[in-house]
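Colleague: Provided herewith is a single structure, encoded as structure tokens, for subsequent inquiry.
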Amino acid sequence: MKKLLKTYPDKCIACHMCESVCANLYFKTDEAEKSCIRINDSVSPIDMNVCNQCQACVSACPTKALTVTAQGVVMLNKKLCIGCYMCIAACPTDSMHRYLGGLNPFKCIACGACAKTCPVEAIKIETEE
Amino acid sequence: MENRKVLAEYKYELKPIIRGYNRRTLYVNLSTLEIKEKPVSDMMIEKFTGGKGFDMYLMWHGVKDDTKWNDPENEICISFGPLCGNTNYPGSGKSIVTTISPLTGIPVDCNVGGHFGPYTKFSGWDALEIQGKSSEEAIVFIDGDKGLVQILSAPDTEINSHILSDKLHEEFAGGEEHLQHVSTVSSGTASDHVEITCLNFSFWDKRRKLARLKQAGRGGTGTVFRNKKLKALVVKYSSLAGDTNAPEDIETLQNTGLKLHKEIEKGDSSQCHMREMGTAHLMEIMNDYDLLPIKNFKYGQMPEAIALASWEFKKLFTQGMPDGCWFGCSLSCCKAVDDFLPRTGPYKGQPVCVDGPEYETGAGCGSNLCIWDPKDVVEINFYCDTYGVDTISFGTSTAFAMECYEYGILNKERTGGLELTWGNADAALELLHQMARGEGFGLTVGKGVRKMKEIFAREYGADPQLLQDMGMEAKGLEYSQYMSKESLAQQGGYTLALKGPQHDEAWLIFMDMVNNLIPSFEDKAEALHYFPMFRTWFGLQGLCKLPWNDIEPEDNAKTDEPAKVPEHVQNYVDIYKAVTGRPLDKKELILQSERVYNFQKVFCMRMGKGRRIDDVPPYRAVGPVTEEEYLSRQERYDKQLQDKLGIDPSGLSTAEKMALTRKHREDQYQQLIDAVYKRKGWTPEGVPTLQHLSSIGMDLPEVLEVIKRYQ
């Protein structure tokens with residue numbers, strides 16, 4: 001079982017509310033580069049990029065800073081992270097992020113804050129077996 | 001937990017590192033129990049950069065002209081370099097170990113992974129200098145969390161590294177969460193008895209829940225270590241983060257590292273497969289090109305060698321693990337065989353984790369001995385590591401002994417009953433166990449090839465010329481595992497290497513022999529200038545060579561000089577500047593190395609070696625020694641007589657053709673040396689000129705004083 005944020009690009013209206021909510025929640029900023037979900041409306045259909053909890057990063061981490069919760073969500077333990085970014089390169093969907101000036105990477109933990117604010121239900125927290 | 005006495009203690013101030021440097025080194029004297037710190041001067045940084053440069057500088061001022069390996073004043077220096085310990089760029093966790101070698105009598109340098117280097121550096125030290133001999137078994141402990149260095153008694157009964165290292169990790173960690181914050185250096189029981197030994201540097205593998213071991217392999221470092229009654233070095237450091245090395249420009253460092261991570265992620269599975277097989281991926285490639293040493297370097301190819309192909313080792317290596325020997329190395333080449341069950345020796349039947357085999361071990365302890373079962377190679381690898389034996393010197397020394405056995409120079413009576421026939425893995429393993437027990441013919445093989453040549457000539461009346469021709473050593477160090485017969489440039493690469501014939505200075509075989517990119521003597525001389533200097537730089541910085549060219553950018557082949565991997569060289573310039581904040585370009589990078597390289601060269605001369613008379617290859621490294629070797633590649637050698645010398649081989653006896661081939665090849669080698677010395681700024685005798693030393697800024701008084709002896 002894994003809990004994840006599912007995306008529905010055909011519904012997305014590129015309001016970028018999700019990016020703003022996410023960046024504010026974690027970094028107290030509106031900067032889209034500090035959001036775990038990324039909306040690229042320069043392509044068609046709109047590209048909605050967010051972690052699908054595939055765990056490829058978990059096996060790449062040399063300090064076991066990335067672990068999987070009982071709900072199947074990949075979490076980063078910042079105390080163990082040594083900022084090598086091997087997880088970023090290992091991510092097959094480019095959904096592990098970093099920001100300039102920071103040390104640790106960050107990713108979607110399927111908290112659902114963005115989904116609650118999406119006006120068109122283009123993102124939803126779902127569970128997969 | 002052992003009951004340890006504190007023999008000496010030194011408290012020091014913990015200070016943040018500044019742009020890759022601590023500006024102090026740690027000195028420990030095991031005879032006097034003195035522990036102190038020494039400042040790192042601006043001159044040291046400008047002239048010697050760090051890493052091997054600091055080691056050489058400290059050692060030079062610690063030893064005398066006539067210091068022997070087992071004199072108390074001989075030192076073991078371990079240094080790390082300004083880039084060492086960054087977690088951003090792959091291959092950034094190397095330590096460089098130097099000592100006066102029991103095999104060569106001159107400084108040997110080894111580049112080794114594991115966590116000891118970065119943790120010791122972040123504990124506050126740019127180098128560790130150990131001198132003297134302890135009166136009792138001792139451990140040196142550096143506590144980088146508390147700012148404390150201790151010399152502790154070591155009543156431990158265990159010496160072999162795979163057990164001792166695990167125990168010390170558990171003892172000094174003080175809890176499971178700190179196991180990965182400890183690293184050890186140790187050797188093994190063979191280092192109490194023989195000279196072809198190594199040191200094991202550990203890193204705690206969280207997934208396997210044990211200490212992995214990387215080797216400072218060459219030149220007998222383990223023998224010096226044990227002669228000082230050192231059982232282990234231990235470091236503890238718990239505060240590692242992504243910016244602990246305090247770089248000037250972390251963004252450039254992160255960006256450059258991430259760029260390489262992505263290159264590796266995309267390219268490794270179609271290039272070198274380092275993540276799957278490590279350097280063992282070379283086995284079948286070397287065999288295909290007649291470069292894999294077989295039967296003591298007689299041949300470079302045999303159909304049987306396919307049994308040791310990389311895919312056979314891949315079956316044994318656990319896959320899908322982040323097998324980097326330092327954090328942030330996504331090349332992940334240090335593969336391991338898990339739950340291996342040795343079939344011989346004191347650990348027979350006990351499941352163990354074996355680091356490797358890497359290529360050198362696969363070739364040295366496999367093909368060169370005609371041992372074709374990968375599991376036998378793994379077992380030799382395991383016992384070499386835990387006993388503290390260098391797999392390269394063990395392979396080359398055992399191959400030499402096996403060839404002597406083939407020719408009747410040795411027999412069962414002389415080997416104490418061991419049948420040293422090609423492929424006899426049981427006999428090879430028994431040699432190892434004898435080295436560990438300090439008994440039997442293993443003690444003779446463990447002296448290395450040079451001493452075996454003397455013994456076999458003196459005691460068994462063997463032909464000294466044959467022994468010289470087939471004994472694969474130069475300067476006293478055994479050759480590493482590549483055939484150089486058909487590459488003149490590689491003959492130079494091996495023989496000119498300062499510490500002895502190791503390929504870490506230059507690996508030019510494909511450039512020279514396969515791709516014919518350096519046809520003239522001048523071309524080869526330029527390559528034998530550039531590549532040894534470029535590769536020396538890794539040791540100054542605390543870096544690994546492998547992420548330079550065991551992964552290449554997709555468009556590398558389209559660049560002007562693909563052999564140099566220009567984009568990666570630029571990466572190194574960029575990350576050096578990003579860490580240290582100091583200016584650097586590709587030219588100054590080479591100059592940094594040239595200063596230290598020439599200093600090491602003069603150091604060798606100071607110790608009585610290091611000139612042209614010492615740069616002599618055994619003929620086996622140059623051409624066919626025996627008739628069977630010539631006949632096995634007769635078509636090639638005959639064609640070379642025709643094409644290169646204009647001699648019609650028909651009608652000539654094999655002996656006549658061999659003599660002509662030998663004269664030609666030895667002449668070529670001498671012409672190469674003339675060209676290389678000239679390019680390096682040395683006299684025809686191999687002595688750096690005053691003008692050259694001045695031009696590179698290495699005209700220090702102590703250097704000139706040695707040079708004057710050779711004017």
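The values are calculated or read from the model by the stated rules, or taken from the named source; none is laboratory data. Every value quoted in this text rests on a predicted model; they were computed, and no experiment measured them. Positions of Cβ are backbone-derived with ideal geometry, glycine not excepted, and every protein chain shown enters the neighbour counts. Each accessible area value is taken on the protein alone, full model and side chains, heavy atoms only, with ligands, DNA and RNA left out. Shrake-Rupley method; radii C 1.70, N 1.55, O 1.52, S 1.80 Å.
Colleague: Can you tell me what share of the DSSP beta bridges in chain B is antiparallel? A percent to the nearest 5 is fine. It would help to have the intermediate numbers written out before the result.
Modeller: Numbers: 53 of 63 bridges.
Among the beta bridges of chain B, antiparallel pairing accounts for roughly 85 percent.
Colleague: When the helices in chain A are scored as -39500 (n - 2.57) per DSSP H run of 4 or longer and the sum is shared across all residues, what 222 nm value do you end up with, to the nearest 500 deg cm²/dmol? List each step's numbers first, then the result.
Modeller: Working: 4 runs with 26 residues, N = 129.
Helix contribution divided over all residues of chain A: -5000 deg cm²/dmol.
Colleague: Next question, about the same structure. Report the Cys residues of chain A lacking a disulfide-compatible partner, meaning no second Cys Cβ under 4.7 Å from their Cβ.
Modeller: A:CYS12, A:CYS15, A:CYS22, A:CYS54, A:CYS61, A:CYS81, A:CYS84, A:CYS91, A:CYS111, A:CYS118, each lacking another Cys Cβ under 4.7 Å.
Colleague: Using unit Cβ charges (K, R positive; D, E negative) and no other charged atoms, how large, in debye to the nearest 20, is the dipole of the protein assembly as shown about its Cα centre? Mind showing how you got there, number by number?
Modeller: Values: 96 positive and 114 negative charges, 339 e Å.
Here the protein assembly as shown has a charge dipole of around 1620 debye.
Colleague: With the cut-off at 1.5 for a/c, could you classify region B:1-103 from its C-alpha gyration tensor as rounded, prolate or oblate?
Modeller: Working: a/c = 1.60, a/b = 1.19, b/c = 1.34.
Oblate, since a/c reaches 1.5 and b/c is not below a/b.
Colleague: Let me ask you something else. Excluding B:LEU199 itself, what net charge comes from residues whose Cβ is under 13 Å from its Cβ, given Lys and Arg +1 and Asp and Glu -1? Don't jump to the answer; show the numbers that get you there.
Modeller: Values: positive: B:LYS214, B:ARG218, B:ARG226, B:LYS228, B:LYS231; negative: B:ASP109, B:ASP385, B:ASP390.
Once all neighbours under 13 Å are counted, the net charge is +2.
Colleague: Any of B:LYS295/B:LYS348; B:LYS15/B:LYS146; B:LYS146/B:LYS229; B:LYS47/B:LYS586; B:LYS545/B:LYS587; B:LYS38/B:LYS231 with alpha carbons more than 21 Å apart? Name them for me.
Modeller: On the way: B:LYS295/B:LYS348 28 Å; B:LYS15/B:LYS146 11 Å; B:LYS146/B:LYS229 26 Å; B:LYS47/B:LYS586 17 Å; B:LYS545/B:LYS587 19 Å; B:LYS38/B:LYS231 25 Å.
Where the Cα-Cα span goes over 21 Å, the pairs concerned are B:LYS295/B:LYS348; B:LYS146/B:LYS229; B:LYS38/B:LYS231.
Colleague: Considering the dipole of the protein assembly as shown built from charges on the beta carbon (Lys and Arg +1, Asp and Glu -1) around the Cα centre, which of B:PRO322, B:HIS193, B:LEU179 is farthest to its positive end?
Modeller: Highest projection toward the positive end goes to B:LEU179.
Colleague: If each residue of separation counts as 0.36 nm, what is the full-extension length gain between B:ASP463 and B:ARG582 once their alpha-carbon separation is subtracted?
Modeller: Details: separation 119, 0.36 × 119 = 42.84 nm, distance 5.65 nm.
Result for the pair: 37.2 nm of gain on full extension.
Colleague: Which log10 I(q)/I(0) values, to two decimals, does region B:83-209 give at q = 0.15 Å⁻¹ under the Debye formula with one point per Cα?
Modeller: -0.79
Colleague: Residue by residue, what Karplus-based ³J(HN,Hα) values in Hz, rounded to whole numbers, does region B:656-673 have, using 6.51, -1.76 and 1.60 with θ = phi - 60° and x for Gly and Pro?
Modeller: Using θ = phi - 60°, the values come out as 5, 5, 5, 5, 5, 4, 5, 4, 4, 5, 5, 5, 4, 4, 5, 5, 4, 4 Hz.
Colleague: Can you list residues from other chains, or at least 5 along the same chain, whose modelled amide H is less than 5 Å from the amide H of B:THR683?
Modeller: For B:THR683, whose amide H was placed from the backbone, the distant partners under 5 Å are B:THR689.
Colleague: How big is the shadow of the Cα convex hull of chain B, averaged over all directions, in nm²? Please list the in-between numbers first.
Modeller: Details: hull surface 112.4 nm².
About 28.1 nm², averaged over all directions.
Colleague: To the nearest 100 Å², how much accessible surface do chains A and B cover up together, summed over both, with a 1.4 Å probe?
Modeller: On the way: alone 7220 and 24230 Å², together 29540 Å².
The A and B chains share an interface burying roughly 1900 Å².
Colleague: How much of the pair distance distribution for region B:412-567 lies past 21 Å, counting alpha-carbon pairs only, in percent? Don't jump to the answer; show the numbers that get you there.
Modeller: Details: 7119 of 12090 pairs.
Summing the P(r) of region B:412-567 above 21 Å gives 59 percent of all pairs.
Colleague: Per residue and in Å³, how big is the convex hull formed by the alpha-carbon atoms of chain A?
Modeller: On the way: hull volume 14.1 nm³, N = 129.
Here the figure is 109 Å³ per residue.
Colleague: Mind putting a number on the dipole of chain B about its Cα centre? Charges go on the C-beta only, +1 for Lys and Arg and -1 for Asp and Glu, and I need it in Debye to the nearest 20.
Modeller: Approximately 1280 debye in magnitude.
Colleague: Can you compute the charge dipole magnitude of region A:2-128 about its Cα centre, using +1 on each Lys and Arg Cβ and -1 on each Asp and Glu Cβ, nothing else charged? Give it in debye, rounded to the nearest 20. Walk me through the numbers on the way to the answer.
Modeller: Values: 14 positive and 11 negative charges, 122 e Å.
The calculation lands at about 580 debye.
Colleague: Can you give me the Cα centroid spacing of region B:603-632 and region B:141-167 in angstrom?
Modeller: Centre-to-centre distance over Cα atoms comes out at 41 Å.
Colleague: Within 10 Å of each Cβ in B:259-268, how many Cβ atoms from other chains are there, averaged over the peptide? Don't skip to the end; give the middle numbers.
Modeller: Working: counts 1, 1, 8, 5, 1, 3, 7, 1, 0, 0.
Taking all residues of B:259-268 together, the mean is 3.
Colleague: Count neighbours as other Cβ atoms within 10 Å of each site's Cβ, and list the GluC sites (Glu not before Pro) in region A:6-81 that are DSSP loop with at most 16 such neighbours.
Modeller: Those satisfying the criteria are A:GLU31.
Colleague: For region B:202-212, what does the Karplus curve 6.51 cos²θ - 1.76 cosθ + 1.60, with θ = phi - 60°, yield as ³J(HN,Hα) per residue in whole Hz, taken in order and with x for Gly and Pro?
Modeller: 9, 8, 7, 9, 5, 6, 7, 6, 7, 7, 8
Colleague: Can I ask one more? Would you kindly calculate the translational diffusion coefficient of the protein assembly as shown, applying Stokes-Einstein with the Kirkwood radius from alpha carbon pairs, for 10 °C and a viscosity of 1.306 mPa s, and quote it in µm² s⁻¹ without decimals?
Modeller: Numbers: Rh = 27.9 Å.
Stokes-Einstein gives a translational diffusion coefficient of 57 µm²/s.
Colleague: Amide H of B:VAL616 versus every other amide H placed in the peptide plane: which residues, excluding those fewer than 5 positions away on the same chain, fall under 5 Å?
Modeller: B:LYS475
Colleague: By average Cβ neighbour count within 10 Å, what is the ranking of B:226-239, B:685-698 from highest down?
Modeller: Details: B:226-239: 22.4, B:685-698: 16.9.
The packing order, highest mean first, is B:226-239, B:685-698.
Colleague: Let me ask another. Would you list, by chain and number, the lysines whose Cα falls below 23 Å from the Cα of A:LYS6, excluding same-chain residues fewer than 8 positions away?
Modeller: Result set, ordered by chain and number: A:LYS34, A:LYS107, A:LYS116, A:LYS124.
Colleague: Quick one: which residues, 5+ away or cross-chain, put their amide H under 5 Å from the amide H of B:GLY85? H built at 1.01 Å from N.
Modeller: For B:GLY85, whose amide H was placed from the backbone, the distant partners under 5 Å are B:GLY93, B:LYS94.
Colleague: Using DSSP to define loop residues, name the trypsin sites (Lys or Arg not before Pro) in region B:322-419 whose beta-carbon has at most 16 other beta-carbon atoms within 10 Å. Walk me through the numbers on the way to the answer.
Modeller: Numbers: sites: B:LYS335, B:ARG343, B:LYS348, B:LYS375, B:LYS412, B:ARG414; in loops: B:LYS335, B:ARG343, B:LYS348, B:LYS412, B:ARG414.
Hits after loop and neighbour filter: B:ARG343, B:LYS348, B:LYS412.
Colleague: Semi-axes of region B:234-323's equivalent ellipsoid from the Cα gyration tensor, sqrt of 5 times each eigenvalue, largest first, rounded to whole Å?
Modeller: 37, 16, 14
Colleague: Are there GluC sites (Glu not before Pro) in region B:1-93 that DSSP puts in a loop and that have at most 13 other Cβ atoms within 10 Å, and which ones?
Modeller: Working: sites: B:GLU2, B:GLU9, B:GLU13, B:GLU34, B:GLU37, B:GLU46, B:GLU73, B:GLU75; in loops: B:GLU2, B:GLU13, B:GLU73, B:GLU75.
Passing sites in region B:1-93 are B:GLU13.
Colleague: Enumerate the calculated ³J(HN,Hα) couplings along region A:108-125 in order (Karplus 6.51 cos²θ - 1.76 cosθ + 1.60, θ = phi - 60°), each rounded to whole Hz, writing x wherever the residue is Gly or Pro.
Modeller: Rounded to whole hertz, the list is 5, 10, 6, 6, x, 4, 5, 4, 5, 9, 5, x, 10, 6, 7, 9, 9, 7.
Colleague: Please average, across the residues of A:74-86, the number of beta carbons from any other chain that are within 10 Å of each residue's own beta carbon, and give a whole number.
Modeller: Values: counts 0, 0, 0, 0, 1, 2, 4, 4, 9, 13, 18, 11, 14.
Taking the mean over all residues of the peptide, I get 6.
Colleague: Please report Rg (one decimal) and Dmax (integer) in Å for the Cα set of region B:268-478.
Modeller: Cα radius of gyration and Dmax of region B:268-478 are 17.2, 55 Å respectively.
Colleague: Continuing with the same structure: Percent of Cα-Cα pairs more than 23 Å apart in region B:6-236, please. Intermediate values should be presented prior to the final figure.
Modeller: Working: 11007 of 26565 pairs.
Roughly 41 percent, once rounded to a whole number.
Colleague: Would you please classify the overall shape of region B:393-436 from the alpha carbon gyration tensor, given that a ≥ b ≥ c denote the square roots of the eigenvalues, rounded means a/c under 1.5, and beyond that prolate means a/b larger than b/c while oblate covers the rest?
Modeller: Cα axes put region B:393-436 in the oblate bin.
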